[in-house]
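Novice: This is the structure I have questions about; it appears just below.
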Amino acid sequence: MAVATAHADPKHNIKNARQAYYDKISKYHLAPLWEVLKGLVTPEPKTQMIPALWKFPEVEKLMLEAGDVITAEEAERRVLVLENPGDPGKSKITNSLFAGIQLIMPGEIAEAHQHVASAIRFVLKGKGAYTAVEGEKSSMEHGDFIITANWAPHDHGNPGKEPVMWLDVLDMPTVNHFQASFANHFDEKMQNVNHEDGDSFERYATGVLPDGAAADTFMKRSPVINYPYAKMKPILERLKKTGDIDKRHGARVRYANPVNGGPVLPTMGANLSLLPKGFKGEPYRSTDGTVFAVAEGKGTTVIDGQPFEWGVNDVFVIPPWKRYQHTVGSEDAVLFSISDRPAQEALGIWREGN
């Protein structure tokens with residue numbers, strides 16, 4: 001009787017009929033939107049990514065071990081990927097960004113290539129190495145911010161006497177989302193250099209532009225190869241001195257395309273912030289997942305109630321729409337950050353809140 005009653009239950013019959021219908025339409029590669037709509041159109045952003053921190057002393061030791069295990073030539077790029085623990089095995093630090101720490105040893109060359117993915121370098125430790133981009137060889141010093149635009153030929157070398165490490169961030173996950181990846185290797189290990197170190201900064205970032213410069217070429221990405229930390233830090237100090245300190249971000253500047261004032265790259269934008277001693281930031285969140293690297297000092301960032309204590313050259317990530325606050329103690333700190341905000345703004349989907 002119990003079995004007969006169950007089959008007579010109208011709700012049970014409707015459930016079976018719906019499942020039979022779903023099984024039927026699946027053979028035609030169709031699916032019912034009403035079964036998945038709540039997961040697709042969410043009231044607020046949802047992400048599988050989680051906050052994470054990579055302590056540089058630990059990473060540095062492992063990077064130097066990598067220098068013993070594999071050469072730059074064998075690896076093409078000797079990089080340890082910073083994988084978000086919330087989505088391991090995907091070579092992503094956020095849904096849209098790749099990040100890794102790269103090492104080049106004295107005497108090594110990372111050969112010239114090009115790819116659709118745009119890249120940035122933020123130099124963490126060491127000196128004497130260079131990155132050559134589109135014919136300009138740029139020396140790499142701690143805190144320098146170096147960009148490699150979409151399809152720009154580039155190579156790295158270290159004629160110096162010490163290992164050099166830097167943070168790489170690329171928009172590879174975004175490019176691969178659109179299935180638009182291309183790459184090319186050159187017969188020559190190094191590209192021809194026809195511009196001296198700092199040439200692009202002096203040409204484009206000093207208040208003038210070369211007469212007749214093809215501005216259209218630089219409307220979507222900055223012509224500047226390297227934004228030297230030695231020239232950026234005094235600007236932060238000037239903001240601090242005049243009290244231009246944001247309650248959430250400290251004294252902050254945005255790396256800009258000098259041609260149009262826009263972001264340095266169409267898919268990635270970067271900032272540099274000075275948090276004065278005693279700074280206690282107000283809560284903030286935004287839809288762009290953000291990668292931070294510590295240029296100077298030490299402090300704590302509380303992300304969704306979880307504290308992360310950081311020091312010089314540490315790297316940490318804040319996923320989209322996670323509320324966070326920066327705090328520093330008895331000394332100033334400087335944070336570099338990069339995110340996919342320009343891409344979101346171009347699509348009209350970027351938001352911020354507290």
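The values are calculated or read from the model by the stated rules, or taken from the named source; none is laboratory data. Since this is a predicted model, take the numbers as computed values, not measurements. Neighbour counts are summed over all protein chains in view; Cβ atoms, including those assigned to glycine, are modelled from backbone coordinates with ideal geometry.
Novice: Just checking: which of the strands (runs of 3 or more DSSP E) contained wholly in the range 280-329 hold 2 or more residues that are hydrophobic (A, V, I, L, M, F, W, C)?
Specialist: Working: elements: 290-296, 299-303, 306-310, 315-318, 324-328.
Passing ranges, in order: 290-296, 299-303, 306-310, 315-318.
Novice: Within the range 334-351, count every residue that is more than 9 Å from Ala293 (Cα to Cα) and of a type in the set (Ser, Thr, Tyr).
Specialist: 1
Novice: Looking at the structure I just gave you, is Lys189 assigned to a loop (DSSP other than H, G, I, E, B), farther than 30 Å from Pro57 by Cβ and out of contact with any Lys or Arg (no Cβ under 8 Å at 6 or more places or on another chain)? Before the answer, list the steps.
Specialist: Details: assigned to a loop (DSSP other than H, G, I, E, B): yes; farther than 30 Å from Pro57 by Cβ: yes; out of contact with any Lys or Arg (no Cβ under 8 Å at 6 or more places or on another chain): yes.
So Lys189 passes the test.
Novice: Sticking with this one: Does Leu97 count as exposed (fewer than 10 other Cβ atoms within 10 Å of the Cβ) and among the aliphatic types (A, V, I, L, M)? Reasoning before the result, please.
Specialist: Working: exposed (fewer than 10 other Cβ atoms within 10 Å of the Cβ): no; among the aliphatic types (A, V, I, L, M): yes.
Here the answer is no, as Leu97 does not meet what is asked.
Novice: Could you say which residue among Glu162, Glu136, Glu141, Glu76 is surrounded by fewer than 18 Cβ atoms within 10 Å (Cβ to Cβ), under 20 Å from Ser222 (Cβ atoms) and not aromatic (Phe, Trp, Tyr)? Steps first, please.
Specialist: Values: Glu162 fails: under 20 Å from Ser222 (Cβ atoms); Glu136 fails: surrounded by fewer than 18 Cβ atoms within 10 Å (Cβ to Cβ); Glu76 fails: under 20 Å from Ser222 (Cβ atoms).
Sole residue among the options that is surrounded by fewer than 18 Cβ atoms within 10 Å (Cβ to Cβ), under 20 Å from Ser222 (Cβ atoms) and not aromatic (Phe, Trp, Tyr): Glu141.
Novice: Right, next: Among the numbered criteria (1) touching a His at 6+ places or on another chain (Cβ under 9 Å); (2) under 18 Å from Leu265 (Cα atoms), which single criterion is violated by Phe201?
Specialist: Going through (1) touching a His at 6+ places or on another chain (Cβ under 9 Å); (2) under 18 Å from Leu265 (Cα atoms) one by one, Phe201 breaks only (1).
Novice: Follow-up question, since we're still on this one. Identify, please: which residue in the range 246-262 is touching a Phe, Trp or Tyr at 6+ places or on another chain (Cβ under 8 Å) and of a type outside the set (A, V, I, L, M) and is, among those, surrounded by the most Cβ atoms within 10 Å (Cβ to Cβ)?
Specialist: If we filter the range 246-262 for residues that are touching a Phe, Trp or Tyr at 6+ places or on another chain (Cβ under 8 Å), which is where we start, we get 248-250, 255, 257-260.
This time we only want the ones that are of a type outside the set (A, V, I, L, M), so: 248-250, 255, 257-258, 260.
On the way: Arg248: 17, His249: 18, Gly250: 24, Tyr255: 21, Asn257: 22, Pro258: 20, Asn260: 12.
Looking at the filtered set, the residue picked out is Gly250.
Novice: Could we say that Ala346 is closer than 28 Å to Val224 by Cα, assigned to a helix (DSSP H, G or I) and not β-branched (Val, Ile, Thr) here?
Specialist: Numbers: closer than 28 Å to Val224 by Cα: yes; assigned to a helix (DSSP H, G or I): yes; not β-branched (Val, Ile, Thr): yes.
Yes, satisfied.
Novice: Further question on the same structure: Pull up the range 203-234, narrow it to residues that are modelled with pLDDT of 90 or more and hydroxyl-bearing (Ser, Thr, Tyr), then point me to the one that is surrounded by the fewest Cβ atoms within 10 Å (Cβ to Cβ).
Specialist: Thr206
Novice: Would you please list the contacts, defined by Cβ atoms under 8 Å and residues six or more apart or on different chains, that run from a residue in the range 335-354 that is in contact (Cβ under 8 Å) with a residue 40 or more places away in the chain to a residue that is basic (Lys, Arg) and part of a loop (DSSP other than H, G, I, E, B)?
Specialist: Asn354/Arg248; Asn354/Arg323
Novice: So in the range 60-73, with the set limited to residues that are closer than 19 Å to Val312 by Cα and in contact (Cβ under 8 Å) with a residue 40 or more places away in the chain, which one is surrounded by the most Cβ atoms within 10 Å (Cβ to Cβ)?
Specialist: To start, the set of residues in the range 60-73 that are closer than 19 Å to Val312 by Cα comprises 60-64.
Okay, now just the ones that are also in contact (Cβ under 8 Å) with a residue 40 or more places away in the chain, so 60, 63-64.
On the way: Glu60: 17, Met63: 20, Leu64: 13.
Step by step, filter the range 60-73, then rank; the result is Met63.
Novice: Which one of these does Phe186 not meet: (1) farther than 23 Å from Thr94 by Cβ; (2) aromatic (Phe, Trp, Tyr); (3) under 22 Å from the mean Cα position of the chain (by Cα)?
Specialist: Only one criterion is unmet by Phe186, namely (3).
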